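Trainee: I have a structure here, written as structure tokens, and I will follow up with some questions on it.
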Amino acid sequence: MVINGDAISDKETLPEKAGGKEMRYKHMGLKVAKFGGSSLADGIQLTKTKSIIEADPDRRYIVVSAPGKRFEGDSKVTDLLYLCKAHIENNLPYEQIFQVICDRYMAMAINLGVTIDLMPHFEKIKAKLQSGASADYVASRGEYLNALIAAAFFGYDFVDTHGLILFDSRGNLKMEETNELLAEELKKHETAVLPGFYGTNPDGKIKTFSRGGSDITGALVARAVNADVYENWTDVSGFLIADPRIVPEAKTIANISYKELRELSYMGASVLHEDAIYPARLANIPINIRNTNKPEDAGTMITDTANHADQVITGIAGTKDFDVIAIHKNMMSTEKGFLRRLLGILEDYDVSVEHIPSGIDELSVVVSKKDLEGKLEDILDEIRRKLSPETIDVFEDIALIATVGHGMSSRRGTSAKLFTALAEGGVNVRMIDQGSSEMNIIIGVANSDFEKAVKVIYSAFIA
Ligand code: ASP
């Protein structure tokens, strides 16, 4: 097969695009698989992971997190590493916690029959800890040690991301340089395991992404090798149409576009690390969320364009605790600059505006309650002073719910169905906003109606 023009084996290839002077080729089934902490928490989980990798030879580049929780109440290795660092900073003994970490890796290696000598690695990390290594360095060792063990267990090469994933002096990822370095290095490896979560600062020191950042490493590797799929293996079989705490029978989303995902995650659905989508999207690589404990499930496929003509809505997500400031002023519609001045006031108070439903002589701004904390009275005074409205009302404790789906735009009667269901369910809709792309209807309801509203929307569209 061929990656970026380099012959590696003789598997089937197809021309991808003629870019610049050289024709780039893409293998039919190259996969990058990232495994999260729960998929690598102990020897049992690592054994499942190995079976998954062996089931498909296309899974050639593997990105690993640090070992996660093995059971309810257990600690993640990353948290323990941060704890070691915190103890040292506070002149408290850290050795016991460090030993717990070492024991976990030792037990894994023994259970899996991996013969690499971990002692020199533990000693080096301990020495660095004692000489004041940064929290980023200390935390990154969770992924580093896990990748060493996983690589030995899978029989794959170990490729450190130190020196391959680069940050600038402000801590921003250098996307293009990283892409080139990773691509260059991975050409040399038929199969490899890479530690997630970290890269290197301009001064050569380790820097981590924010928590959960191994997802980003996975996406960067997928882009660098021009993978056909970026598989993100976790402990759930993909994203659900609605929060299962509200709709226990919620089905899995089989297909979702990047745009829909962004709408849903903005509205509170907990999905992938936001920044992980970007490199994959840039290279138009589908992301497949899979379950290590149920590898037979197809999971959720995230693609550039929606591939689900048969479904009207893709997902429902929402968040509680917004306030609405409603302003009425006669002849507001003829007063130029009214909205700009109102937004200026909110900007001065560092308040972000979520929505602006408006009428002829009235205007409301929907803002998060948290943003208004300790500022509401001052903001209202300023609005009275600068805009001289007839009335200002504040409606508190509003929940916003987004019903998202490309399928809505091509179907008549979607909103009728939504609002009929809400009316029949006894939910009073306080606000409505529909984006111009018609893929998102946002409603505002009382916090106390939130769960009921999500349930009735779900049952109206998903039988
Ligand atoms: N181990 C790191 C964390 O717990 C990074 C990751 O798992 O993605 O945040």
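The values are calculated or read from the model by the stated rules, or taken from the named source; none is laboratory data. Just so you know, these numbers come straight off a predicted model, no measurement behind them. Every residue, glycine as well, gets a Cβ built from its backbone with ideal geometry; the counts of neighbours run over all protein chains shown. All accessible areas refer to the heavy atoms of the entire protein, side chains included, with ligands and DNA or RNA removed. Shrake-Rupley method; radii C 1.70, N 1.55, O 1.52, S 1.80 Å.
Trainee: With every protein chain left in place, what is the accessible area per residue of the chain in square angstrom, probe 1.4 Å?
Mentor: 47 Å²
Trainee: Now for a separate question. Quick one: work out Rg over Rh on the C-alpha atoms of the stretch 356-412, Rh as Kirkwood radius.
Mentor: 1.11
Trainee: Can I ask one more? Using the alpha carbons of the stretch 340-384, what is the convex hull volume per residue in cubic angstrom, as a whole number?
Mentor: Roughly 73 Å³ of hull volume per residue.
Trainee: Still on this model: Restricting attention to the stretch 331-439, which GluC sites (Glu not before Pro) occupy a DSSP loop and are surrounded by at most 13 other Cβ atoms within 10 Å?
Mentor: Here the GluC sites (Glu not before Pro) that fit, given the DSSP loop and packing criteria, are GLU373, GLU390.
Trainee: Give me the Kirkwood hydrodynamic radius of the stretch 388-463, using the inverse of the mean 1/r over all pairs of distinct Cα atoms, in Å to one decimal.
Mentor: After inverting the pairwise mean of 1/r, the radius is 13.3 Å.
Trainee: For the stretch 323-429, state the average projected area of the convex hull of the C-alpha atoms over all orientations, rounded to one decimal in nm².
Mentor: Average projection, Cα convex hull of the stretch 323-429: 8.5 nm².
Trainee: Please report how far the C-alpha centroid of the stretch 53-108 lies from that of the stretch 294-357, rounded to the nearest whole angstrom.
Mentor: So the two Cα centres are separated by 39 Å.
Trainee: Here's something else I'd like to know. Using the per-residue mean of other Cβ atoms lying within 10 Å as a proxy for protection, in what order, highest first, do the peptides 169-181, 293-305 fall?
Mentor: So the peptides 169-181, 293-305, ranked by packing, come out 293-305, 169-181.
Trainee: OK, next. Please report, in cubic angstrom per residue, the volume enclosed by the convex hull of the alpha-carbon atoms of the stretch 51-92.
Mentor: Value for the stretch 51-92: 84 Å³ per residue.
Trainee: Please state the equivalent ellipsoid semi-axes for the stretch 228-346: what are the square roots of 5 times the Cα gyration tensor eigenvalues, largest first, in whole Å?
Mentor: In descending order the semi-axes read 37, 18, 13 Å.
Trainee: May I have the convex hull volume per residue, in Å³, for the Cα set of the stretch 300-362?
Mentor: Each residue corresponds to 190 Å³ of Cα convex hull volume.
Trainee: Another question, then. So what's the back-of-envelope 222 nm ellipticity for the chain, counting only DSSP H runs of four-plus at -39500 (n - 2.57) apiece and dividing by all residues, rounded to 500?
Mentor: Result for the chain, helices only: -11000 deg cm²/dmol.
Trainee: Put +1 on the Cβ of each Lys and Arg and -1 on the Cβ of each Asp and Glu in the chain; which of GLY337, PHE122, HIS355 then has its Cα farthest toward the positive end of the dipole?
Mentor: Going by the Cα projections, it comes out as PHE122.
Trainee: Report, to the nearest whole %, how much of the accessible area of the stretch 255-340 belongs to carbon and sulfur atoms, 1.4 Å probe, protein only.
Mentor: 50 percent
Trainee: Please compute the Kirkwood hydrodynamic radius of the stretch 66-175 from all pairs of different C-alpha atoms, in Å with one decimal.
Mentor: Hydrodynamic radius (Kirkwood, Cα pairs) of the stretch 66-175 is 15.1 Å.
Trainee: Which whole-percent values make up P(r) of the stretch 128-181 when all C-alpha to C-alpha distances are grouped in 10 Å steps starting at zero?
Mentor: It works out to 20, 39, 35, 6, in whole percents.
Trainee: When the Cα centres of the stretch 390-433 and the stretch 122-167 are compared, how far apart do they sit, in Å?
Mentor: Between the Cα centre of the stretch 390-433 and that of the stretch 122-167, the gap is 49 Å.
Trainee: Another one. Taking just the C-alpha trace of the stretch 201-252, give me its Rg and Dmax in Å.
Mentor: Taking only Cα atoms of the stretch 201-252, I get Rg and Dmax of 16.3, 51 Å.
Trainee: When each pair of different Cα atoms in the stretch 191-288 is counted once in the 1/r mean, what is the Kirkwood radius in angstroms, to one decimal?
Mentor: 14.8 Å
Trainee: Using a simple charge model, +1 on the beta-carbon of Lys and Arg, -1 on the beta-carbon of Asp and Glu, nothing else, what dipole does the stretch 335-437 show about its Cα centre, in debye to the nearest 20?
Mentor: 620 debye
Trainee: Then there's this: Under a Cβ-only charge scheme (Lys and Arg +1, Asp and Glu -1), can you give me the dipole magnitude of the chain about the Cα centre, in debye to the nearest 20?
Mentor: Here the chain has a charge dipole of around 560 debye.
Trainee: Quick one: what are the phi-derived ³J(HN,Hα) couplings along the stretch 144-158, Karplus 6.51/-1.76/1.60 with θ = phi - 60°, whole Hz, x for glycine and proline?
Mentor: These are the phi-based 3J(HN,Hα) values: 4, 5, 5, 5, 4, 5, 4, 4, 5, 5, 7, x, 9, 6, 9 Hz.
Trainee: Could I ask something else about it? Using all Cα-Cα distances in the chain, what percent lands in each 10 angstrom bin from 0 up to the longest?
Mentor: All Cα pairs considered, the percentages come to 4, 18, 23, 22, 18, 11, 3, 0.
Trainee: Evaluated at 37 °C with a viscosity of 0.692 mPa s, what Stokes-Einstein diffusion coefficient in µm²/s does the stretch 258-414 have when Rh comes from the Kirkwood expression over alpha-carbon pairs?
Mentor: 176 µm²/s
Trainee: I would also like to ask the following. How big is the accessible area of ARG430 in square angstrom, nearest 10, if you roll a 1.4 angstrom probe over the protein chains?
Mentor: Counting only protein heavy atoms, ARG430 exposes about 110 Å² to solvent.
Trainee: So which of LYS124/LYS188; LYS85/LYS294; LYS188/LYS251; LYS259/LYS369 end up more than 30 Å apart by C-alpha?
Mentor: As for pairs spanning more than 30 Å Cα to Cα, those are LYS85/LYS294; LYS188/LYS251.
Trainee: Using all Cα-Cα distances in the stretch 25-86, what percent lands in each 10 angstrom bin from 0 up to the longest?
Mentor: Result, from short to long distances: 21, 41, 24, 11, 3 percent.
Trainee: So, with a 1.4 angstrom probe, what is the percent of accessible area on the stretch 43-106 that is carbon and sulfur?
Mentor: Reported share for carbon and sulfur atoms: 53 percent.
Trainee: Here is a follow-up. Have a look at PRO195, ILE442, ALA423 and report the one farthest towards the positive end of the charge dipole of the chain, computed about the Cα centre with Cβ charges (Lys/Arg +1, Asp/Glu -1).
Mentor: Projecting each Cα onto the dipole axis, the largest value belongs to PRO195.
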